[in-house]
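Each remark here refers to the structure printed beneath this line.
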Amino acid sequence: MRSRTLIAGTAALAVAVAAIVLGRGGDGPPRPRPAAPAAATAPAAPRAIGTRDVGRHLDALARAAAGGTRAAGTPGDEATRAHVAGALRAAGWRVTVQPVRFPYFQERSRPRVALPGGRRLAHGREVRTLAYSAAGRASGRVRAVGVAPGEASDAGCRSGDFAALRDGEIALVQRGACRMATKARNAQAAGAAAVLVVNDGRPGRREAIAGTLGAPGLRIPALFVSTDAGRALRAAGRATVRVDAVSERRSTANVIAEAGEGPRVAMAGAHLDSVGAGPGLNDNASGVAALLAVAEALRGQAPDGARLRLGFWAAEELGLYGSRHYVGTLDRAEREAIAGYVNLDMVGTRGGRMTVLRTDEAIRRALRSALRERGRRDVGLESLGASSDHASFARAGIPVGGIFTGLDSCYHRACDDAGNVDAGRVADAAAATAATLLRITRP
């Protein structure tokens, strides 16, 4: 799950899919419902799903993170995708691997900003590398542009603001009024060897922050410094700057699986990647493992007159790149064929409260009902905004829903490992999902 400014299950996927295959609720008009088949035959019951079924997928994804992460563009990402595609094909689903381009950034070591006399700014409190900064080293005069602590500044938002800068100097510019990327590009165009963006000094905005340039492309080092560090740099007049990072475009892929035939599509998905700081076994190997267990239990079966589709999304943690790309490839008819989408992100939180998303009313009711039937009596509601892949579908006008079991102390940390996931909860949810998906095919 992507980080959010405000941080505020799989058991219910089945009922949600049932609701969205058979019709939708909510404020808008219902979509056309295909005619029921003349002689629908009830399929055999799915095989039971236990913790071993879910656990072996969690174990495989833990092994995929042998390097400590499954972040997009890493070997752990590739191993995750290979396991998912292989498991789906073995379960009889039609599988497509869809390439996705995304911006990759990795800081290989801490940044270095040194002043004359040997003082070095402290990492975290006084200086941080801006995400998507170029690697490099610069040493020379510091040229301040519009640095006035305590005030917002539009200095640096125009190319002419750096007219006094000389080639090879280090630009010091205050945040405010426009994107930091704009100020950095203007400094680069004026000949700066590096750019340092200073916090504006207003209450709560004095220390260095984990900012971003948004995408690769800058050719000089770019860092964010605290208000006090900005004063020290301006007074010193000279500095040495070093950034050790990789900033480039890379490729990863979505994995799409489908079963059944028919004009309407019921869809569910979970994101493949973790953050760079950890293996992401709850965020979001839990959702991936649950969907794989469902796929195996159903062995490629689907409701009569409809298709089931599972989407495993790439680079969610970096900005929903996989799901946004997938939705962007759909034409109008393909978008309208999707009766609804259910998102599973962090569904194995130990001790977490089961919640459903405040989205499409019919899907929400179905999710809550299914969770209660499985013994989850205290089912809450959660508004996740645009922090996970459901947002890509919602923006395209597709009804969405989802389950979320809450954050934990290992969220986006190295301790989000196999011991951080409640496999029993995930297995119970997966079993309910498989059974309900088959029940909705009965006349």
Starting from the Cα of Arg108, step 7 Å along the direction of its Cβ; do the same at His123; then give the gap between the two resulting points in nm.
-> 1.4 nm
The stretch 255-315: which GluC sites (Glu not before Pro) are DSSP loop and have at most 12 other beta-carbon atoms within 10 angstrom?
-> Glu261
Rounded FRET efficiency, nearest 0.05, which uses the C-beta distance separating Glu334 from Ser383 and R0 of 25 Å | 0.35
For the chain, what proportion of DSSP beta bridges, expressed in % and rounded to the nearest 5, is antiparallel?
-> 50 percent
Distance between modelled label sites at Arg358 and Ala210, nm, 7 Å Cα→Cβ extension = 2.6 nm
From the Cα centre of the stretch 158-190 to that of the stretch 264-335, the distance in Å is 42 Å
Net charge (Lys, Arg +1; Asp, Glu -1) of residues whose beta-carbon lies under 12 Å from that of Ala297, Ala297 excluded, is 0
With r as the distance between the Cβ atoms of Ala277 and Arg141 and R0 = 35 Å, compute the FRET efficiency 1/(1 + (r/R0)^6) and round to 0.05.
-> 0.45
Rough spin-label spacing in nm, given labels placed 7 Å along Cα→Cβ, for Arg52 and Arg372 | 3.5 nm
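Every number here is computed from the coordinates shown, using simple stated rules; none is lab data. Everything quoted here is computed from the prediction, not taken from an experiment. Positions of Cβ are generated from backbone atoms using ideal geometry, with glycine treated the same way; all protein chains shown enter the neighbour counts.
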